[in-house]
Amino acid sequence: MNQPASQPWQPDNATDGGGGVGDLLDLDGSTECEADGERLPGFGACEAGQIEWDPVAERGAAGDQRVRLGEPEARYGDLTRHAEHATATARQPELTRHDATAGDPPDRAKRAEHATGPAGQLNRTGRTEHTTATAEQLRQAKPLNHATRTAEHPDQADRNTAESDSPNRTKHAPTTAGPPDRTDHAATDTGQQDRTGHAEHTTTNAGPPDRTRHATATGPGPLDRTGLAERGAAEAGRLARAGVELVALTFVDNSGISRVKAVPAGRLAEVAAWGVGASNAFDFFLCTDEIATGTYSLGPVGDLRLHPDLDALTVLVAQPGWAWAPVWKYDQDGVPHPQDARALAATAADRLAAQGLSARMAFELEWVITDPDGVPIVGPAYGYTRLSAHSGYLRTLVSTLDRQHVAVEQIHPEYAAGQFELSVAATDPVHAADLAVLARETVRTVSAAHGFRASFTPKFIPGGVGNGGHVHLSLWDGERNLYAGGTGPFGLTDTAASFAAGIFARLPALLAIGAPSVLSYLRLEPHHWAGVFTAWGWENREAPLRLIRGADGQRETAANLEVKCFDLTANPYLVVAALLFAGLSGVTTGATLPAPVDVDPGLLGPDAAADAGVTRLPQSLAEAVAAFEADDVLPAAFGPPLATTLMDVRRAELSALGELAPDDLCTVMRWLH
């Protein structure tokens with residue numbers, strides 16, 4: 001988020017805490033349903049122990065929800081567990097440890113004694129024990145394990161079958177040489193996703209991706225068409241039993257737009273083996289749908305094949321009858337396409353793995369919701385009134401993401417009118433980019449179902465607060481987070497500092513990837529917490545590189561680097577690749593960081609800024625393009641076809657949009673991304 005210059009002191013937009021909302025809700029988004037069939041807001045009638053829930057709910061006065069009769073989105077299974085849970089809770093006073101009898105007020109003295117130490121300090125051990133006991137008892141009532149959801153959720157039909165007959169959603173071991181293994185990215189010892197950790201980046205006791213398996217993943221490799229057909233047939237059968245009829249196959253183009261081809265689910269075996277055709281011209285699409293020309297353009301000639309990554313196949317809860325999968329790109333001879341951004345992200349992760357390292361990443365999403373006429377909803381910045389007025393919308397969004405296996409860590413109103421922010425758990429780099437795509441499209445779909453329009457544009461109106469696309473990143477050596485426990489500034493290890501220094505040195509060039517639109521540079525203003533100067537610092541929200549340590553006692557998992565100067569017009573796969581290549585260059589050359597900056601760098605006088613090495617980052621897309629082309633690492637890492645085409649697309653966008661007035665530019669770009 002960008003703060004207005006007049007109020008640089010406003011509360012920050014960072015996800016500073018909070019557990020996973022999805023674990024606090026029941027899986028269908030409800031808490032319980034009365035046995036007499038009472039209709040609750042946002043839900044259908046309870047009949048014979050079942051419930052019909054319609055996330056496509058109409059909004060009523062005061063922000064309530066009315067069920068649209070006759071259009072149930074999902075039917076869930078036996079709700080006996082709701083009554084059992086409520087009864088168990090009522091019979092277990094130890095869940096609160098307050099010793100109060102029914103109807104009595106809470107014993108505030110005991111509560112205070114439990115929550116604080118002798119000097120009023122946080123008793124983290126006591127609080128942890130309290131939380132653990134509560135969670136354990138709730139799990140005994142009904143474990144919230146994705147592997148046990150089949151009976152309740154038709155979108156997960158047959159997911160609890162034998163291992164040999166079930167897709168492993170956490171692993172990447174397709175018959176092609178697939179993307180990084182995700183087995184260990186955020187799992188607890190019980191195999192459940194741990195969503196109680198630090199909301200900014202990672203989860204407690206959650207280790208890095210499995211680097212041993214990751215090292216064998218090289219993105220799309222030779223096509224085993226027989227194996228892919230067998231796997232596709234198995235997935236098609238499971239989708240059919242789940243009521244899925246169509247599969248959306250997406251890729252993100254060089255202008256940051258998610259493009260799609262859709263196929264009937266029954267064709268998944270054929271599509272997995274042989275792909276779906278797509279023109280090479282998509283590499284040259286602008287965000288306005290004009291097609292640029294360039295050195296590697298074939299014009300109307302040529303064809304690519306889009307092969308779904310079956311390990312990322314996800315049933316779309318808010319789009320009944322649909323599933324989604326990102327794709328790998330090949331040519332007709334089965335050769336990986338040199339301009340496949342997703343494959344480049346996998347390659348970057350593999351090169352990092354070759355150095356004995358791995359990375360965990362997460363994208364923050366910021367968006368503005370408006371009424372059908374494009375007027376943002378009202379409410380104070382970060383205000384509870386905005387949350388409560390639209391609680392049904394947010395609840396539906398979070399429970400939908402949870403059922404799609406997106407681990408939400410925090411959601412809240414942001415600074416601008418109608419603005420919200422969503423944070424998800426960190427994971428391996430390719431998966432992080434996948435989740436950025438899936439989460440954004442889910443936000444868009446759920447918003448439309450609630451009568452809203454969602455805009456992810458960097459600048460909704462000139463002079464207003466922008467939408468960022470911040471990236472959180474940590475570097476791991478085995479199970480050790482290298483952004484904590486070191487001897488450098490703020491606990492940095494030498495390797496982590498060099499990794500950050502590699503990114504820091506290439507910030508101007510990186511803007512051509514992470515802030516790739518003409519409109520991006522209306523957002524990049526001083527004193528807006530967008531990070532527009534060459535500076536880094538501990539918890540400095542005006543620096544493009546913000547080091548986040550996390551709370552004392554949790555830094556081994558929470559510490560990470562936030563990149564604040566990016567927005568959501570960027571292709572997330574290119575962002576992942578560029579950051580990893582830049583950081584890796586710093587590691588291999590032993591790069592060092594300058595001294596951290598502990599003030600707003602925009603308030604430094606000329607002499608102080610010169611002494612600190614603080615300069616302004618590119619103020620236009622043209623400047624960022626020039627920096628990228630002059631860089632000694634990124635163009636070579638991307639390869640000539642992709643590096644050249646990216647800059648051809650950037651120049652074409654400058655030609656198409658660069659002369660527009662800010663009002664006109666905002667209007668053109670408002671609903672594109």
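Restricting attention to the stretch 632-666, the residues being polar (S, T, N, Q) and under 27 Å from the mean Cα position of the chain (by Cα) number 1.
Quick one: would you say Gly486 is assigned to a loop (DSSP other than H, G, I, E, B), at negative phi and either surrounded by fewer than 24 Cβ atoms within 10 Å (Cβ to Cβ) or in the same structural domain as Leu634 (by TED's automatic domain parsing) (or both)?
yes
Selection of the stretch 613-628 for residues being surrounded by 15 or more Cβ atoms within 10 Å (Cβ to Cβ) and touching a residue at least 40 places away in the same chain (Cβ under 8 Å) yields Val614, Arg616, Leu617, Pro618, Ser620, Leu621, Glu623, Ala624, Val625, Ala627, Phe628.
For the criterion of being out of contact with any Lys or Arg (no Cβ under 6 Å at 6 or more places or on another chain) and buried (at least 24 other Cβ atoms within 10 Å of the Cβ), Ala505 fails. Looking only at residues of the stretch 443-477 that are surrounded by fewer than 24 Cβ atoms within 10 Å (Cβ to Cβ) and among the charged types (D, E, K, R), we find that the one that is nearest to Glu366 (Cα to Cα) is Arg444. Being charged (D, E, K, R) and either buried (at least 19 other Cβ atoms within 10 Å of the Cβ) or modelled with pLDDT of 95 or more (or both) is not true of Asp333. Here Asp311 meets the list (1) over 29 Å from the mean Cα position of the chain (by Cα); (2) touching a residue at least 60 places away in the same chain (Cβ under 8 Å); (3) farther than 20 Å from Leu574 by Cβ almost entirely, failing just condition (1).
Scanning the stretch 632-661 for residues that are surrounded by fewer than 20 Cβ atoms within 10 Å (Cβ to Cβ) and over 21 Å from Ile257 (Cα atoms) turns up Asp632, Val633, Pro635, Ala636, Gly639, Pro640, Glu659, Ala661. For His673, the conditions (1) part of a helix (DSSP H, G or I); (2) surrounded by 20 or more Cβ atoms within 10 Å (Cβ to Cβ) are fulfilled apart from (1).
Within the set Ala312, Ala278, Ala234, the sole residue that is within 30 Å of Pro458 (Cα to Cα) and touching a helix residue (DSSP H, G or I) at 6+ places or on another chain (Cβ under 8 Å) turns out to be Ala312.
Residues being within 30 Å of Thr400 (Cα to Cα), among the charged types (D, E, K, R) and either in the same structural domain as Leu579 (by TED's automatic domain parsing) or touching a residue at least 24 places away in the same chain (Cβ under 8 Å) (or both) are represented in the stretch 459-469 by at least one member. Restricting the search to the stretch 543-596, which residues are under 22 Å from the mean Cα position of the chain (by Cα), closer than 28 Å to Gln339 by Cα and among the β-branched types (Val, Ile, Thr)? Of everything in the stretch 543-596, those that are under 22 Å from the mean Cα position of the chain (by Cα), closer than 28 Å to Gln339 by Cα and among the β-branched types (Val, Ile, Thr) turn out to be Val563, Thr569, Val575, Val576. Contact annotation: residue pairs with Cβ atoms under 7 Å, 6 or more positions apart or on different chains, pairing a residue in the stretch 349-367 that is assigned by TED's automatic domain parsing to the domain that holds Gly583 and at positive phi with a partner that is surrounded by fewer than 24 Cβ atoms within 10 Å (Cβ to Cβ) and in a strand (DSSP E or B), are Gly356/Asp477.
Within the stretch 489-507, not a single residue is of a type outside the set (Lys, Arg), out of contact with any helix residue (DSSP H, G or I) (no Cβ under 6 Å at 6 or more places or on another chain), under 21 Å from Ala608 (Cβ atoms) and part of a loop (DSSP other than H, G, I, E, B).
The values are calculated or read from the model by the stated rules, or taken from the named source; none is laboratory data. Worth saying up front: this structure is predicted, and the values here are computed from it rather than measured. Backbone-built Cβ (ideal geometry, glycine too); neighbour counts: all protein chains shown.
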